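These notes concern the structure reproduced below.
Just so it is clear, none of the values below were taken in a lab; they were calculated from the coordinates. This is a predicted model, so every value here is computed, not measured. We place every Cβ from the backbone using ideal geometry, glycine too, and count neighbours over all the protein chains shown.
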Amino acid sequence: MRNGPDLGTALRARTATRHAARVSYDVAAVRACFPALRAGAAHFDGPGGSQVPESVAAAVAATLTSPIANRGRVTQAERTADDVVLAARQAIADLVAGDPGGVVFGRSTTQLTYDLSRTLSAGWGPGDEVVVTRLDHDANVRPWVQAAAARGATVRWAEFDPATGELAPEAVGRVLSDRTRLVAVTGASNLIGTRPDVAAISALAHDAGALTHVDGVHLTAHAAVDVRALGADLYACSPYKFLGPHLGCVVADPALLGRLHPDKLLPSTDAVPERFELGTLPYELLAGTTAAVDFLAGLGGLAGRAGDGGPESDRRARLEAGMAALEEHEDRLRERIEDGVRALPGVTVWSRAARRTPTLLLTFDGRDAADAYRFLAERGVNAPAGSFYAIEASRHLGLGDTGGLRVGLAPYNDDEDVDRLLAGLGEWLDG
Ligand SMILES: Cc1ncc(COP(=O)(O)O)c(C=O)c1O
């Protein structure tokens with residue numbers, strides 16, 4: 001496969017004359033890196049899964065076409081596999097400020113959460129409690145509810161305020177006790193974008209002697225994450241939501257992982273984090289994951305290369321700058337969409353929390369959001385309708401299992417996409 005345009009090179013050239021702005025966001029340069037955009041659709045379906053830059057696809061293809069074997073250090077083919085795994089652990093660690101020795105890869109966040117719930121709940125019994133929230137995607141609810149049921153433990157629900165979309169730390173505090181073993185909470189809602197104060201929630205959980213499992217699948221695509229600052233004992237994210245391939249990962253302190261004993265095959269290693277990774281890892285997807293993290297690190301235009309020396313060679317610092325630039329870009333477009341839909345008749349915007357991602361849930365007086373979804377799709381505007389597995393949140397908002405129209409932004413969205421969305425919605429509402 002041909003190597004795609006290099007975002008770093010493109011941005012370095014464009015920002016050379018604008019060095020006063022240390023952090024910049026050049027959406028045209030970003031868009032040029034995404035072959036899928038050439039098909040012409042405006043993608044507001046990023047919260048379901050993002051489009052992929054050519055550099056990610058190239059890394060996947062290069063790994064598949066290189067000599068490769070199972071991980072080892074004897075043959076070059078073994079070393080390639082080993083290096084790919086270690087590089088991906090480091091990339092995810094840089095992305096969320098975690099420890100590469102505590103990065104576990106798996107098929108998806110759902111699968112990893114189920115695995116962890118079985119392992120962690122092995123020590124639970126009657127009288128123990130687990131806290132889940134009404135705001136979360138079901139992937140961070142049902143595995144814990146089912147694990148608790150299997151052990152006779154009690155589930156306690158933290159409710160968010162349907163009027164504001166906020167999940168207050170006090171709402172979690174109210175359901176904590178000295179028997180709470182784990183608090184499962186989202187970093188950001190994939191339905192309405194709410195970003196709860198996870199650091200405050202974790203502090204309360206830790207005071208009660210509980211672990212936190214933070215679902216960062218939606219959050220990681222939109223903000224610079226620091227798992228220690230969040231107080232997340234276990235932090236899950238899925239690279240296909242942040243420009244990478246389809247897999248999931250969990251980040252934890254290796255010392256915590258060392259105290260857990262998942263089911264595993266007899267001959268497979270007992271080392272951490274490998275003991276949590278069942279079977280052979282998808283090396284090509286791990287290489288794509290590293291490329292996705294590198295792409296995010298270039299978003300701010302601070303495109304230093306590893307080995308350049310100085311702060312710009314620090315991928316973590318570039319990620320923080322890149323994600324800050326992205327957040328500013330996405331917030332600006334989100335505000336444009338909010339202003340635009342407010343001017344349309346009969347539209348309700350359910351995303352209201354003070355801190356939130358650029359993910360909006362819309363419903364329409366007397367009209368079915370699924371019709372809007374189909375109408376927009378015919379015009380090349382992809383904004384799906386549903387409750388997106390955040391089924392408890394959708395029901396709590398009074399939207400049943402139907403939900404609404406979800407409009408989510410991603411690094412490649414631009415003003416023209418927003419124009420097309422608003423024009424399409426206006427036309428549909430007129431019709
Ligand atoms: C917030 C959130 N959590 C968890 C998941 C599940 O992730 P995966 O598909 O990797 O299991 C999703 C997927 O949409 C999500 O948006």
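A few remarks follow.
- Which of V155, V293, V381 has the fewest Cβ neighbours within 10 Å, and the rest in rising order: V155, V381, V293
- Rounded if a/c under 1.5, otherwise prolate or oblate - the range 322-429, Cα gyration tensor axes: oblate
- Overall shape: oblate for the range 109-154, with the ratio a/c of the largest to smallest alpha carbon gyration tensor axis at 1.5 or above and b/c at least equal to a/b.
- Sequence-distant contacts, meaning Cα pairs under 8 Å at least 6 residues apart, place the relative contact order of the chain at 23 percent.
- Per residue, the chain reaches -12000 deg cm²/dmol at 222 nm when only DSSP H runs of four or more residues are counted, each adding -39500 (n - 2.57).
- Two-site FRET efficiency, D226 against R259, from Cβ-Cβ distance with R₀ of 22 Å, rounded to 0.05: 0.45
- Compared with the alpha-carbon gap, the fully stretched path from D161 to D415 is longer by 88.2 nm at 0.36 nm per residue.
- The fewest-to-most ranking of I391, I201 by surrounding Cβ atoms within 10 Å reads I391, I201.
- Long-range amide H partners of V381 with built H, under 5 Å: A42
- The range 220-237 - phi-based ³J(HN,Hα) in whole Hz, Karplus 6.51/-1.76/1.60, Gly and Pro as x: 4, 6, 10, 8, 6, 9, 10, 4, 6, 4, 6, x, 7, 6, 10, 10, 9, 8
- Computed FRET value (nearest 0.05) for T65 with R379, which takes r as the C-beta separation and R₀ as 41 Å: 0.60
- Derived scalar couplings ³J(HN,Hα) [the range 67-74; Karplus, 6.51 cos²θ - 1.76 cosθ + 1.60; whole Hz; x for Gly, Pro]: x, 9, 9, 5, 4, x, 10, 8
- Sorted fewest first by neighbouring Cβ atoms within 10 angstrom, V56, V85 come out as V85, V56.
- Cβ-based net charge around R134, under 14 Å, with every Lys or Arg adding one and every Asp or Glu removing one: -3
- The chain: C-alpha gyration tensor shape, a/c 1.5 cut-off, then a/b vs b/c: oblate
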